[in-house]
Every structure is written in structure tokens, then in C-alpha cells.
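Since the structure comes first, as C-alpha cells, the remarks are kept for the end.
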Amino acid sequence: MESLRPRTRTHWLVIVACLLVSLFCLVYPIYVIRPFRSQGIRELAAALLVMRFRTIVTAVCALFAMVAAVRYWREQPRRGKRASAIAAVVFVCAFAALSRVNVYELMFHPLGSPAFESARESQLDKDEKVIAIEVNRVARAYPIRGLSYHHIVNDTVGDVPIVATY
């Protein structure tokens, strides 16, 4: 029975490693790229790299965790330890599924029908930054302060559909 212990421990370590890697792949980009937080060049590059490969990495982690859990289940006689292994695998699979969701698409909704007023009537500060556009002699300005939540404005300017974003 003692010869099973190192293999059982190895299977458990694989499950825990997969859990930690999949959690990192899910949380790190969200932490780095969250709104209104300055990012360093290296950490942003690292977060974008994680986002690029996290779907495949978390899928591989889920697969490895499931295989390790099956082997752990066969070798571990204690129900509590078996249950904890299965719970960890469920979390790995959940992290893999959640890593496919772009939380920023959920957070920021495009502003669909913006309201406008003349420049004289506007309450903008003189130093307010805007995104300005002119199409077919029709001009519009979108204040950055207003775009900071939505990030996208769908509009029609001079009979031309546009998307203003920054």
C-alpha cells in the first residue's frame, strides 16, 4: 500500500497545479487590464499574452486535471480526499469556461442613441477633451468623460453610420 502514496501525491499535485494555472490565466488579465488603472508596458504585454493563449492552456489544464482525478480516485480510498479532488477539477473546468468570456464586453455597453446640443448650450469645460468628427458637413463631438464608461458610441453623422471609440 505504501507504493501508492507517491503516485497519489503526484496526481494531487497535478490537480493543484492545474487549478493554480487556470486561476492565474483567468484572474491576471482582469487584474492588469481593469479600467482606470495604469499599466506598465511589461505587465500589459504579459496580460495580453496570457489572454492570447489562456483558452488552450486552461483547456489542457482541465484535461490533465480530469485524468489526474480519475487516477487519484482509483488510488485514494478516503472519500473526503476524493471529493476534494473532484471539487478542484470542477473549479479548473469552471475557470476554463470563464476564461472564454471577455468581461470587458460585459462591462462596457455601446451608447446607442446619443443626445446632442449645440456648442453654445453645452456644459463642457473649456479644457474638456473630445473626439470630433465631420461627415458631409455635419460635425459631432463626443466628450471623453462620457466615453470613459461606454468606450463606444454608435451614431449616424451626415447619413453615414459611424462608431466613435477610444
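Evaluate the following for Val21: is it surrounded by 15 or more Cβ atoms within 10 Å (Cβ to Cβ), of a type in the set (Val, Ile, Thr) and in the same structural domain as Arg100 (by TED's automatic domain parsing)? It is true that Val21 is surrounded by 15 or more Cβ atoms within 10 Å (Cβ to Cβ), of a type in the set (Val, Ile, Thr) and in the same structural domain as Arg100 (by TED's automatic domain parsing). If you filter region 100-131 down to residues that are outside any loop (DSSP other than H, G, I, E, B) and at pLDDT 80 or above, you find that the one that is nearest to Phe53 (Cα to Cα) is Ile131. The set of residues in region 54-75 that are small (Gly, Ala, Ser) and over 11 Å from Arg100 (Cα atoms) comprises Ala62, Ala65, Ala68, Ala69. Annotation: Val92 fulfils all but one of (1) loosely packed, with under 13 Cβ neighbours inside 10 Å; (2) closer than 30 Å to Tyr31 by Cβ; (3) out of contact with any His (no Cβ under 8 Å at 6 or more places or on another chain); the unmet one is (1).
Restricting Ala97, Ala83, Ala46 to those that are free of Cβ contacts under 8 Å to residues at least 12 places away in the same chain and under 27 Å from His151 (Cα atoms) reduces the list to Ala97. Could you please find all residues in region 134-154 being out of contact with any Phe, Trp or Tyr (no Cβ under 8 Å at 6 or more places or on another chain) and either assigned to a strand (DSSP E or B) or in the same structural domain as Arg34 (by TED's automatic domain parsing) (or both)? Selection gives Glu134, Val135, Val138, Ala139, Ala141, Tyr142, Pro143, Asn154. Annotation for region 40-52: no member residue is surrounded by fewer than 15 Cβ atoms within 10 Å (Cβ to Cβ), touching a helix residue (DSSP H, G or I) at 6+ places or on another chain (Cβ under 8 Å), not in a strand (DSSP E or B) and not assigned by TED's automatic domain parsing to the domain that holds Ala17. Screening Gly80 on (1) modelled with pLDDT of 85 or more; (2) within 30 Å of Ser22 (Cβ to Cβ); (3) touching a helix residue (DSSP H, G or I) at 6+ places or on another chain (Cβ under 9 Å) shows it passes everything except condition (3).
The values are calculated or read from the model by the stated rules, or taken from the named source; none is laboratory data. Because the structure is a prediction, the values reported are computed rather than measured. Heads up, the Cβs are rebuilt from the backbone with ideal geometry, glycines too, and the neighbour counts pull from every protein chain shown.
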